[in-house]
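What follows is a set of notes on a single structure, which appears directly below.
The values are calculated or read from the model by the stated rules, or taken from the named source; none is laboratory data. Keep in mind that this is a model prediction, so the values were computed, not measured. Quick reminder, even Gly has a Cβ in these numbers, built from the backbone with ideal geometry, and neighbours come from all protein chains shown. Areas reflect the complete protein model, heavy atoms only, side chains present, ligands, DNA and RNA absent. Shrake-Rupley method; radii C 1.70, N 1.55, O 1.52, S 1.80 Å.
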Amino acid sequence: MISNTLSGLRRSTLALIGTLLCAGLAQAQTPAWPSKPLRVVVGFAPGGTTDVMARLISQQLAEALGQPVLVDNKPGASGNIAAAEVARAAPDGHTLLIAPTSVETANPWLFKSNLLPSRDLTPVVAVGRTQMYLVAKPQSTARDVKELVAQAKAAPGKMSYASSGAGTAPHLACELFKVATGTFVTHIPYRGAAPALQDVLSGQADFVCDPGIAFPHIRSNKVKLLGIVSARRSPFFPDVPTVAEQGFPGADLDIWFGLWAPNGTAPEVLARLGREVASILNQPNVKARYADLGGETAYLDNAEFRKLLIDENKRLAALIKQQKINVD
């Protein structure tokens, strides 16, 4: 009887030791993350909104993770070049993409590319947003959106709006404005938001859907802010009504920015990234720097971010098809 009991205890002990050894072996086979410097790929040139947000997050992420986080600028094709590079990267959590959501929601409808971010990349979280502002040239006699619309309807095709380039968010926002107001206004694309704003300042274009770089000129009354091209008022100009509040619902498009990883990245790595980014965006100094860009540290968790991407994709696909927008 005693022999059987001892034999059972030995078997139980050996089984427990085996279980512990297997667990330890499995843990040893799972490499710690991060195990080397991280690379954040940005599809736009240094100094722009996407780049500055990426550098802010990368700096804070390096402190939180104990590894350097390097920003790698790969501009071109409205972020498609950078997105493709991240899609090809090893899914080990050491290569990430920070980009505007348009890389997934608008680009597939504008560019002929083998890349399909909704299929080839894994969204992690949203890292911020900027609103857009309907800014008119200083010579404009319009005092609000209603008067601008009346002037545009009185001379179809004679008025013009500037944008940072065909297919960019400011371009799409102004096209939403045209649809919402039933106006025909000529589009003048530029290579960037700065030259587009400059020609509004000089009176060469009548207005622009500005992503926030016009703030100093608005505050110094060098241009006229007629309305907010967003579903809500701006925290920076709370007394200025939205376009919808002025009678034209549908003209609203925020520029959201997000974080993506290669498909196959471990769920625990994605979860850690989400937690760290949420903490970073809650820091007062980060909020203040975003505000300098005309942006907000608007965090969306993974589920919320995925829903935003789906909804924005549907909306922009319909707009691009309806307005026959192309990037040629």
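Calculated mean residue ellipticity at 222 nm for the chain: -14000 deg cm²/dmol, from DSSP H runs with n ≥ 4 weighted as -39500 (n - 2.57), summed, divided by the residue count and rounded to 500.
Taking trypsin sites (Lys or Arg not before Pro) across the stretch 43-119, the ones in a DSSP loop with at most 13 further Cβ atoms lying within 10 angstrom of their Cβ are Lys112. Note down the relative contact order for the stretch 68-202 as a percent, whole number, built from C-alpha pairs under 8 angstrom at least six residues apart. 20 percent. Between the beta carbons of Ala317 and Asp239, assuming R0 = 45 Å, the FRET efficiency works out to 0.85 to the nearest 0.05. Ser35 sits with roughly 80 Å² accessible to a 1.4 Å probe, with DNA, RNA and ligands left out of the calculation. Over all other residues within a Cβ to Cβ distance under 15 Å of Gln139, the charged ones net out to +2, with Lys and Arg as +1 and Asp and Glu as -1. For the set Phe236, Phe184, solvent exposure ranked by accessible area (probe 1.4 Å, protein chains only) runs largest to smallest as Phe184, Phe236.
Net charge within 14 Å of Leu319 by Cβ-Cβ distance, Lys/Arg positive one each and Asp/Glu negative one each, not counting Leu319 itself? Net charge in that neighbourhood comes out at +1. Averaging 1/r over every pair of different alpha carbons in the chain and inverting the result gives a Kirkwood radius of 21.6 Å. Taking the charge dipole of the chain about its Cα centre, with +1 at Lys and Arg Cβ atoms and -1 at Asp and Glu Cβ atoms, the residue from His217, Thr50, Pro75 reaching farthest to the positive side is Pro75.
Per residue, the chain exposes an accessible area of 47 Å² to a 1.4 Å probe, with every protein chain left in place.
Using Cα-Cα distances under 8 Å and only pairs 6 or more residues apart, what relative contact order does the chain have, in percent?
Relative contact order here is 24 percent.
Expressed as a whole percent, the accessible surface of the chain that belongs to carbon and sulfur atoms is 57, based on a 1.4 Å probe. Straight Cα distances below 28 angstrom link Lys158 to the lysines Lys137, Lys146, Lys178, Lys222, Lys224, Lys321, Lys324, with same-chain residues fewer than 8 positions distant left out. Lys224: net charge of surrounding residues, Cβ under 11 Å, Lys/Arg +1, Asp/Glu -1, itself excluded? Summing Lys and Arg as +1 and Asp and Glu as -1 gives 0. Taking Cα atoms only, the orientation of helix 49-65 departs from the longest principal axis of the chain by about 20 degrees. Relative to the dominant Cα principal axis of the chain, helix 145-154 is inclined by about 60°. Relative to the longest principal axis of the Cα atoms of the chain, the long axis of helix 2-29 lies at roughly 30 degrees. Between Lys153 and Ala288, the distance separating the two model label sites (each 7 Å from Cα on the Cα→Cβ line) works out to 4.7 nm.
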